[in-house]
Amino acid sequence: MGDCRYQISQCAYIKFVLHALKHRSSSVNGLLLGRLLEDGGGGAAPTVLISDSVPLSHSQIGVLPYLELALIQVEEHFASDGLTIVGYYHANERYDDTELSGAAKKIGDHIFRYFPQAALLLLDNKKLEGLPKGKGRDPVAQLFTRDSSRSWRSTGSVGSPQLTTKEPSANVVLLDFMSTEKWNEVVDFDDHLDDISKDWLNPDLFK
Amino acid sequence: MVGATEEARLNQLETQVDNGGGEAWEYLCLVRKLKARRSEKVLRHGIFILNSHIARSKLGGEEWTLYEQVAVAAMDCHRNDIANDCIEALSKKFPGSIRVGRLKGMLLEAKGAWPDAEKIYAQLLVDNPLDQIILKRKVAIAKAQGNLAAAVEYLNNYLETFMADHDAWRELAELYISIQMYKQAAFCYEELILSQPTIPLYHLAYADVLYTMGGLENLQAAKKYYASTINLTGGKNTRALYGICLSSVAINQLTKGRNKDEKDSADLQPLAAEALLKDYKERAPEKLALVTAMLRNIKLVS
């Protein structure tokens, strides 16, 4: 999986960050949906296109039933669009925690079994904090992929999988949403289970 | 722990105050009573009252409780300057008070000065060795530093003395789950169910942990506790209904080909599925097709 690239759409990216901002004092997680583009065009490297994300949980991360439920329902829903689960995102509880937790790795392993190029995104709090000041276009997340030694490796050095946003101005749009506290409108699977009239697809979030 | 009706009332008040409809003090009192964490709103509305002489004098003695509430909210929102001002005001009014001392310790925690905070707490503990809040701050410091093993140890020690502290048992269970020590988490929920058997949240959380641990015995127990949750919530808890479905499927997968002894609960799964579908039809019709397909698929498997 050494030369696979990863591209995340604005929609998936912003949902992920807003979800984390909505629940600042706990960890959050979610699923990444997309597909693999074998040939990036003109002999370019294969690319995983992450086109959407589904926020899962902000309070029940360690327990299994709701994760299984979400996996079934999300797969079922997105299959008709030709999309599959291509990864998982996670934001840690503490500001300075940059480690992948055991739960995140386990969930990542499970997704890896069905999609070997699975991407694990961990929110980078320091980058997120620095967003309003800088003009960075890099997504505020660390990308982890499974290497041949079966462990999740962070990519950061040259020559390893890169994560880019599909739309270059994704961070600008994100900042705009942050200024209007848009995160209040994000619905995750947890919220849905507490009140099923809330839709984890967040259909009206970007309207 | 905030129930659905209480949360609805809280949200209603919050919207009212946000839109300038008054009742800020009632909102703040309710937040305090329910121990809800709404720090940004508390900070905004609390500061408004504190800054207005008229509103403040209306509170009388309660003014100081508000200072304390705003101080904590300010720390949660990273406004240590505001927290400092509140604590100074309280310090002047109540010199040498342990309650103010605790706030000073918390402010040091908020700044990340863990050793200094621990020093203050140690001093306070000399005169008040059984102060529950300070003992719990030790756990909080360990947790904030990412030292979950120490947090678990301190919390266990605390619970040996204060075994009736239900919030502490819940916190310990959640800590255990976060480090994937499910058996120990299950033990915590067992303690909670023993002492408060009519609270459905504990039954549900216990069932979730049992399901996560897996294995036939645990899954069968999980199903029982999802069922008791349904009993205690009048069938309205979506998670418990799904729990019955998931645990039934898992049990059936494990007992395939074996004699099925559990005939008495064979009709529980279809009933739970039916209840779910009915609820989705009424309240979330756009999801009905998806849930129907899912339930149909897993019925096929079982």
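Scanning segment A:116-134 for residues that are out of contact with any helix residue (DSSP H, G or I) (no Cβ under 8 Å at 6 or more places or on another chain) and free of Cβ contacts under 8 Å to residues at least 60 places away in the same chain, which turns out surrounded by the most Cβ atoms within 10 Å (Cβ to Cβ)?
If we take residues in segment A:116-134 being out of contact with any helix residue (DSSP H, G or I) (no Cβ under 8 Å at 6 or more places or on another chain) and free of Cβ contacts under 8 Å to residues at least 60 places away in the same chain, then A:ASN125 is surrounded by the most Cβ atoms within 10 Å (Cβ to Cβ).
Okay, residues lined up against (1) within 14 Å of chain B (Cβ to nearest Cβ); (2) in a strand (DSSP E or B); (3) farther than 18 Å from A:ARG153 by Cβ:
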site	(1), (2), (3)
A:GLN73	yes, no, yes
A:GLY87	no, yes, no
A:HIS90	yes, yes, no
A:LYS105	yes, no, no
A:PHE112	no, no, no
A:LEU120	no, yes, no
A:LYS135	no, no, yes
A:ASP138	no, no, yes
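Could you give every pair whose Cβ atoms fall below 6 Å, whose first residue belongs to segment B:218-235 and is free of Cβ contacts under 8 Å to residues at least 40 places away in the same chain, and whose second residue is of a type in the set (Phe, Trp, Tyr) and buried (at least 18 other Cβ atoms within 10 Å of the Cβ), counting only separations of at least 6 or pairs across chains?
Listed pairs, sorted by first residue: B:ALA222/B:TYR211; B:TYR225/B:TYR206.
Is there a residue being in contact with a strand residue (DSSP E or B) (Cβ under 9 Å, 6 or more places away or on another chain), in a loop (DSSP other than H, G, I, E, B) and modelled with pLDDT of 90 or more anywhere in segment A:165-174?
yes
Six or more apart or on different chains, Cβ atoms under 9 Å: show the pairs whose first residue is in segment A:190-207 and β-branched (Val, Ile, Thr) and whose second is surrounded by fewer than 16 Cβ atoms within 10 Å (Cβ to Cβ).
Sorted first by the residue in segment A:190-207, then by its partner, the pairs are A:ILE196/B:ARG283.
Filter segment A:7-46 down to the residues that are basic (Lys, Arg) and outside any helix (DSSP H, G or I) and list them by number.
Matches in segment A:7-46: A:ARG24, A:ARG35.
Mind telling me which of the residues A:SER25, A:SER57 ends up being within 14 Å of chain B (Cβ to nearest Cβ) and surrounded by fewer than 19 Cβ atoms within 10 Å (Cβ to Cβ)?
Just one listed residue meets the conditions, A:SER25.
Within the bounds of segment A:39-46, is there any residue that is over 21 Å from A:HIS192 (Cα atoms) and in contact with a Cys (Cβ under 7 Å, 6 or more places away or on another chain)?
Yes, segment A:39-46 has at least one match.
How do the helices (runs of 4 or more DSSP H) wholly within segment B:148-254 filter down when requiring 2 or more residues that are farther than 24 Å from A:SER57 by Cβ and within 21 Å of the chain's Cα centre (by Cα): which remain?
Correct list: B:148-161, B:182-195.
The values are calculated or read from the model by the stated rules, or taken from the named source; none is laboratory data. Note that the structure is a prediction, hence the values are computed from the model and not measured. So basically every Cβ, Gly included, is an ideal-geometry build from the backbone, and we count neighbours across all protein chains shown.
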